[in-house]
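The structure appears right after this line, and notes come after that.
The values are calculated or read from the model by the stated rules, or taken from the named source; none is laboratory data. Note that the structure is a prediction, hence the values are computed from the model and not measured. For neighbour counting, all protein chains shown are included, and Cβ atoms are generated from backbone atoms with ideal geometry for every residue, glycine included.
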Amino acid sequence: MPSNSQPEISTTVLPNGIEIYCFQKNEEIFLIYEQVQEYFRHGIKINKGDIVFDVGANIGIFSLYTWKENEGDVNIYAFEPIAKTFELLEGNIKRLTSEKVKAIPCGLSNYARTEKFGFYPNTSSISTVYPDGSKEEKDKFKKAALQKINEVHGSKNIFHPLYKYTVIPHFMLSFILNRKIQKAFVVEQVTCQIKTLSEIIHDYKVPHINLLKIDVEKSELDVLLGIKPQDWTKIKQIVLEVHDLENRVETIKTLLASHGFDKVVVEQEPYLKGTDICNMYALRAEINKK
């Protein structure tokens, strides 16, 4: 169902103390914050002075977390193609008053173009060039939500933003989630600019990328296919969210191995069991030895 309504703009404070602009104060912000921390596993790390690409930056939570963890001494290129989301990303980055963090208003893919995206104003993190409002997709979304709520219930963490749902009777919880998911999947079409990663490396004269983070809602392989052969050696570590469609996990693992990534780990969070979503961590041998 299309929507042309202007999304609500608000502010909230992340667990690390950074105040941010966001579309709405809801659980999505803090779930993304949790996800960001999951990226730093299996040897993935950033040191002060490193160069980081945040592809699929959304409103900038990964960039802000990385900046804070490295006391502002990190160079970040944050990419967000959707204009309304980019405004918040840019606003959040300006709050840092740091020239080391750049917000770039484009998406990355396998070739440069303009492209229509599905923008989800109520759940901006799932906006994508491959929108899918099917019942199957919504059912997977609901399943993951229920499994996450069960996980929180087991942890007995009363401060978790989802804890309030653990005390709701199941039949009521199902109804509430159905309403929330219906709202989450309201979508509007927007036209965005897309470039390739190699174009960015060339245009910004980027000497190397210490960490390439990709979270682009089913476009992750497209992003990797936009890297020219001569630029692969400039990339030291990659962490990406993968939607395992058409054997994509194996395709990406093979691609990464062919470009010298010796360690590739695939991991799925327990609450995502039964979905096609997982994280992939890729490092080169010289990184593993450090």
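Between a residue in the stretch 77-102 that is β-branched (Val, Ile, Thr) and any residue that is assigned to a helix (DSSP H, G or I), which pairs come within a Cβ distance under 7 Å, given they are 6 or more apart or on different chains?
Filtered contacts from the stretch 77-102: THR85/SER124; ILE93/SER63; VAL101/SER63; VAL101/TRP67; VAL101/ILE93.
Take the conditions out of contact with any Asp or Glu (no Cβ under 9 Å at 6 or more places or on another chain), in contact (Cβ under 8 Å) with a residue 24 or more places away in the chain and either exposed (fewer than 14 other Cβ atoms within 10 Å of the Cβ) or part of a strand (DSSP E or B) (or both) and apply them to THR233. Does it pass? Spell out how you get there, then give the answer.
Working: out of contact with any Asp or Glu (no Cβ under 9 Å at 6 or more places or on another chain): yes; in contact (Cβ under 8 Å) with a residue 24 or more places away in the chain: yes; either exposed (fewer than 14 other Cβ atoms within 10 Å of the Cβ) or part of a strand (DSSP E or B) (or both): yes.
Taking the combined requirement at face value, the residue satisfies it.
Given (1) closer than 28 Å to GLN147 by Cβ; (2) more than 17 Å from the chain's Cα centre (by Cα), identify the lone condition not met by GLN37.
Failing condition for GLN37: (2).
Criterion first (outside any loop (DSSP other than H, G, I, E, B) and assigned by TED's automatic domain parsing to the domain that holds VAL223) does PHE53 satisfy it? Steps first, answer last, please.
Working: outside any loop (DSSP other than H, G, I, E, B): yes; assigned by TED's automatic domain parsing to the domain that holds VAL223: yes.
It is true that PHE53 is outside any loop (DSSP other than H, G, I, E, B) and assigned by TED's automatic domain parsing to the domain that holds VAL223.
Is there a residue in the stretch 254-262 that is at pLDDT 95 or above, assigned to a helix (DSSP H, G or I) and within 14 Å of LEU212 (Cα to Cα)?
Among the residues of the stretch 254-262, at least one is at pLDDT 95 or above, assigned to a helix (DSSP H, G or I) and within 14 Å of LEU212 (Cα to Cα), which makes the answer yes.
Evaluate the stretch 67-74: report whether one residue or more is crowded, with 19+ Cβ neighbours inside 10 Å, without any contact (Cβ under 8 Å) to a residue 60 or more places away in the chain, in contact with a Ser or Thr (Cβ under 7 Å, 6 or more places away or on another chain) and among the small types (Gly, Ala, Ser).
Taking every residue of the stretch 67-74 in turn, none turns out to be crowded, with 19+ Cβ neighbours inside 10 Å, without any contact (Cβ under 8 Å) to a residue 60 or more places away in the chain, in contact with a Ser or Thr (Cβ under 7 Å, 6 or more places away or on another chain) and among the small types (Gly, Ala, Ser).
Would you check which residues across the stretch 94-148 are of a type in the set (S, T, N, Q), buried (at least 18 other Cβ atoms within 10 Å of the Cβ) and in contact with a Lys or Arg (Cβ under 9 Å, 6 or more places away or on another chain) and list them? Outline the logic, then answer.
Keep residues of the stretch 94-148 that are of a type in the set (S, T, N, Q), which gives 97-98, 109-110, 114, 122-125, 127-128, 134, 147.
Add one more test, that the residue is buried (at least 18 other Cβ atoms within 10 Å of the Cβ), and what stays is 109, 122-125, 127-128.
Result: SER109, ASN122, THR123, SER124, THR128.
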